Amino acid sequence: MQYTITVNGTPRSVDVDGETPLLWVLRDTLDLKGTKFGCGAAQCGACTVHIDGHPARACQTPIATVGKAAITTIEAIGQSKIGQHVQAAWIALDVPQCGYCQAGQIMSATALLERTPAPTDHDINEAMSGNLCRCATYTRIRAAIKQAAETVRT
Amino acid sequence: MLARRNFLKVSLLAGGGLLLSASIPATAKAASLGKAGPDAVALNAYVRIAPDGKVTITAKNPEIGQGVKMMLPMLIAEELDADWASVQIEQADLDARYPGQVAGGSTATPLNWLPLRQVGAAGRQMLIGAAAAEWSVSAAECETAPGEVLHKPSGRRLSYGALASKAAAQPVPNLATIKLKDPKAFRIIGQPIRNLEVPRIVTGQPMFGIDVSVPGMLYAVFQKCDVHGGKLVSSNVAEIRKLPGVKAAFEVKGGNDLRGLLDGVAVVAENWWQANRARQQLDIIWNEGDIGGQSSGDFAATAVRMSKGKPESILRSDGDAKAAFGKAAHVVEAAYSYPFLSHINLEPQNCTAHYANGKLEIWAPTQNPAPGAKLVASTLGIPETAITVHMTRVGGGFGRRLSNDYMVEAAWIAKVAGAPVKLLWTREDDMRHDFYRPAGFHFFKGGVDAKGQLIALSDHFVTFSENGAIAASADMGPAEFPARMVENLEFGVSMIPLRTPTGPLRAPRSNGLGFAFQSFLDELAHASGRDPVQFALDILGAPRLLPDPPGPRQGPGFHTGRMRGVIELAAEKAGWGKKTLPKGTGMGLAYYFSHLGYFAEVVQASVSAGGAITVEKIWVAGDIGSQIINPLNAENQAQGAALDGIGTALGQGLTVENGRIVQGNFDSVLPLRMRQAPPVEVHFRVTEFPPTGLGEPALPPALPALANAIFAATGRRIRSLPLKDHDLSTTA
């Protein structure tokens, strides 16, 4: 079936089964490989995207449910001021090890800072505990979120 | 343009020496290797310097998150005296010119520390030679600054870019005698160098195996028997072919090698989701073989039964443990165990393959491409020379990708399908078709004399066998700590036959043995009223090197002084014995030597009345020799390894039921999450020894340090993992 969804500000038409998760439309149909597959069950957060600014697990979002919502992926998160600061903090603190989860981490971190400009450790725990990092770079993810919060303000 | 390209051929000899030969390959071969663009000059297989001064350094090893793609080029760039800002790094394919293209065993640092610096130094010498010839001066009068050669007497200078073409024609220096920099002059090694890949990672650029895209590519899933090695009897594959998007579906008859191609059904479709959805309609009849006794409950019961008899073999026997127990003031007996573990790389296993005109091209997130190519060649019946393996960035290695089962599956499916195919496993495939960290059972007895000294220790280790031999990574060495430091000691081993395949997981053997031994030693310290730090220092005794017993794991020995050093450093940083902690909070110490690294860790943890564990802080002290090559990455690796250990201890363990793994996703196997992750303070003790690796050795102490902290907090001794299976509540 034909669906037109808005991805990173651009309308994109795809012809797929309505049950197809957004994750696979992004990755296999639209060739946006930044959003990752980790568990297929909303357990790991690697597929986190923004739907109308809210973090969502693309592996559990059927394409038929997307409608006119604005989808933002890691490829375009740097177009927002906060996304840009988050990416810059990740680079400055050399956060990743293998890097596979980091797109999802950055999407969740950006969504957190959009709503909570100065997050406490508790806020970070609440917002980020759905994103697994198998390399356990949590120490630096936490520090990078705090640094991004700081640089956005200044 | 120019015809001559000098290649330095460097390979490691068995004894750790170096073999160097210079060769000038035919132009055609050089071109086919694709290493040298038209404007670049190949100084050798590792370094290319373009006329504009850009230095491209090849990273020969697989990058799995350990940082080797930066670290190896840093070694070359340092001795080349390259301007780091002009360096770009290129991932090598599997290529016979490079020795040891493997990510495993924390070996990249010790194996490459000398040879890759020699490669860089050779390049520098050739650039100096070219400049000296240009100026008609002696090379001895020339020196380098980052990216250029200087002739101070005349004030002349030439950039590496300007010299590159001429340098390629310089004689190749003898690597074995080439002069290396004084470490005091290092400009790159020892600096906190940022990973050049991070800008691509944070913007979601395709770089992992799962991101590979080939024109005309189809997507595949592969259903195997959940009882490992089960045989396919029949399937409804003909029905599957009719499902939407399915381009091919076929049965695969594999062999009996659990590490090779196994029986299964492949489903190939236009996109991955269609392939995986069609697969859910599969109806397969398997011959599972004999699965009697192949359950976790059976293993535990068998281990207890075996522990009551004599060990099947004696691994080590010093003095007379039995007699010494009779003389000891304190004797403790305890049984410890740890579970099977999956590697749970976040990037599920995958591989892309394209077979056409007798040639096979593979894009693989593998830690170990060379055996993969061999396996593919023998399984498909094609020569290895017909296979190209591109190494992609790997979304977590942890030892899982030392095996190449996914590679041979992708190659086979692509060949049968007659199209480029990306094979991608589900999380459940990944968890149920792994080469598991073997479970283990330890039946300990320890004796401490009236002065509080450990005088006797015995362990009956019940482990697993595969086809009659010790299962992979299920062994223990005769030098396991505290062997060599206890007068009366006996290690015995018995084995339970296992059908589930096993293999190395980050810090293999050490990740389980460390928990059992370090927990039991803590138990002995407390039972005899000793402080665990003092008890440890007494076992270690005076600083000295204890040589390894002969055998397959013989290494450079164990230095008691280096271990003392890190224990004292960890204790000092943690304020061990100097803090008054609230009730329900405690500190635990553990120390472990693995992969040539000495690590001691102190964990502070609390347990609530309801039994909830909070890990509050970890102090890591490590000794990996004379040089921390990249402090920025070193800290990250040590923090990650310690937290990996904490996550493993808290929430990970697999259950085998009738020969199959019960758990399938992150709802039942629980990796560490942000809310559980404490701050980790990392301290390195720089010593005079050669630098060694850091991917693994910081992991093993974390598990027992946590268990020992829980004892200090609650008085409850943890003798099995994971902790999520223990009820630590004190409210009735």
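For the chain pair A and B, the buried solvent-accessible surface (1.4 Å probe, both sides summed) amounts to about 4600 Å². Spread over its residues, the convex hull of the C-alpha atoms of the stretch B:345-403 is 69 Å³ per residue.
Rounded to the nearest 20 debye, the dipole size of chain B about its Cα centre is 860 debye, using +1 on the Cβ of Lys and Arg and -1 on the Cβ of Asp and Glu. Every Cα-Cα pair in the stretch B:305-384 was counted, and those over 17 Å apart are 72% of them. Our analysis of the stretch A:7-130 gives Rg over Rh at 0.96, with the two radii drawn from alpha carbon positions and Rh computed by the Kirkwood formula. With 10 Å bins beginning at zero, the pair-distance distribution over Cα atoms of the protein assembly as shown amounts to 2, 12, 21, 24, 21, 14, 5, 1, 0 %.
In order along the stretch B:173-189, the Karplus-derived 3J(HN,Hα) couplings, from 6.51 cos²θ - 1.76 cosθ + 1.60 at θ = phi - 60°, round to x, 6, 4, 5, 10, 5, 7, 9, 5, 5, x, 5, 8, 4, 10, 10, 4 Hz, and Gly and Pro are given as x. Look at the alpha carbon pairs under 8 Å that are at least 6 residues apart: their mean separation over the length of chain B gives a relative contact order of 13 percent.
The alpha carbons of the stretch A:78-153 give a radius of gyration and a Dmax of 10.8, 31 Å, in that order.
Quick check on chain B: what are the equivalent-ellipsoid semi-axes from the Cα gyration tensor, as sqrt(5λ), descending, whole Å? Equivalent-ellipsoid dimensions as semi-axes: 45, 37, 22 Å. Accessible surface of the stretch A:2-72, 1.4 Å probe: 46 percent of it comes from carbon and sulfur atoms.
Working note: Debye formula, equal point scatterers on the alpha-carbon atoms of the stretch B:72-125, no solvent; log10 I(q)/I(0) at q = 0.14, 0.22, 0.23, 0.28 Å⁻¹ is -0.39, -0.93, -0.99, -1.20.
Considering only DSSP beta bridges where both residues belong to chain B, give the percentage that are antiparallel (nearest 5). The partial results should precede the final answer.
On the way: 93 of 124 bridges.
In chain B, DSSP labels about 75 percent of beta bridges as antiparallel.
With the charge dipole of chain B set up from +1 on Lys and Arg Cβ and -1 on Asp and Glu Cβ about the Cα centre, the Cα lying farthest toward the positive end among the listed residues B:Leu158, B:Ala238, B:Ala634 is that of B:Leu158.
Averaged over the residues of B:194-200, the number of partner chain Cβ atoms lying within 10 Å of the residue Cβ comes to 4.
For B:Glu90, nonlocal amide neighbours, meaning residues 5 or more places apart or on other chains whose placed amide H falls under 5 Å from its own, are B:Ile57, B:Thr58, B:Ala59.
Bridgeable lysines around B:Lys579 (alpha carbons under 16 Å apart, same-chain partners fewer than 8 residues away excluded): B:Lys617.
Thinking of the stretch B:181-254 as a set of Cα atoms, what percent of all their pairs are more than 13 Å apart? When all Cα pairs of the stretch B:181-254 are counted, 81 percent exceed 13 Å.
Averaging 1/r over every pair of different alpha carbons in the stretch B:599-652 and inverting the result gives a Kirkwood radius of 12.8 Å. The label point for A:Glu19 and the one for B:Gln280, both projected 7 Å from the Cα toward the Cβ, are 0.5 nm apart. A convex hull fitted around the alpha carbon atoms of the stretch B:275-422 yields 227 Å³ per residue. The listed residues B:Met587, A:Met1 rank as A:Met1, B:Met587 when sorted by accessible area, largest first, using a 1.4 Å probe. Taking a straight Cα-Cα cut-off under 17 Å and skipping sequence neighbours fewer than 8 places away in the same chain, the aspartates and glutamates within cross-link reach of A:Lys68 are A:Asp15, A:Glu19, A:Asp52.
Taking only the alpha carbons of the stretch A:2-72, we obtain Rg and Dmax values of 10.8, 29 Å in that order. Of the accessible area of chain B, computed with a 1.4 Å probe over protein heavy atoms only, carbon and sulfur atoms account for 52 percent.
Measuring between alpha carbons in the structure, the pairs from B:Lys60/B:Lys166; B:Lys359/B:Lys415; B:Lys242/B:Lys415; A:Lys33/A:Lys146; B:Lys308/B:Lys445; A:Lys36/B:Lys359 lying more than 19 angstrom apart are B:Lys60/B:Lys166; B:Lys242/B:Lys415; A:Lys33/A:Lys146; A:Lys36/B:Lys359. Counting only other chain Cβ atoms within 10 Å of each residue's Cβ, the peptide A:101-107 averages 3. Taking all protein chains together, A:Glu75, B:Glu79 sort by accessible area into A:Glu75, B:Glu79, largest first [probe 1.4 Å]. Which translational diffusion coefficient, to the nearest whole µm²/s, is obtained for the stretch B:271-313 from the Stokes-Einstein equation, given a Kirkwood hydrodynamic radius over C-alpha pairs, 4 °C and 1.567 mPa s? Translational D for this selection: 90 µm²/s. When the other protein chains are added to the chain by itself, burial of at least 50 square angstrom of heavy-atom accessible area (probe 1.4 Å, ligands and nucleic acids ignored) affects these residues of the stretch B:341-378: B:Leu346.
What is the distance in Å between the Cα centroid of the stretch B:530-586 and that of the stretch A:86-108? If you average the Cα positions of each part, the centres end up 35 Å apart. Our coupling estimate for the stretch B:575-592, obtained by passing each phi through the Karplus curve with A = 6.51, B = -1.76, C = 1.60 and θ = phi - 60°, is x, 4, x, 10, 10, 9, 9, x, 4, x, 10, x, 10, x, 10, 8, 9, 7 Hz, Gly and Pro reported as x.
Using a probe of 1.4 Å, the accessible surface attributed to B:Ile188 totals some 10 Å² when neighbouring protein chains are kept in position. Tell me the label-point distance for the pair B:Ser626, B:Ser213, using the 7 Å Cα-to-Cβ offset, in nm and rounded to one decimal. Calculated label separation equals 4.9 nm. Close amide H partners of B:Ser594, meaning residues 5 or more places away or on another chain with modelled amide H under 5 Å apart, are B:Phe599.
The values are calculated or read from the model by the stated rules, or taken from the named source; none is laboratory data. Computed from a prediction, not measured in an experiment: that's the story for all the values here. Positions of Cβ are backbone-derived with ideal geometry, glycine not excepted, and every protein chain shown enters the neighbour counts. These accessible areas exclude ligands, DNA and RNA; they are computed on the full protein's heavy atoms, side chains included. Shrake-Rupley method; radii C 1.70, N 1.55, O 1.52, S 1.80 Å.
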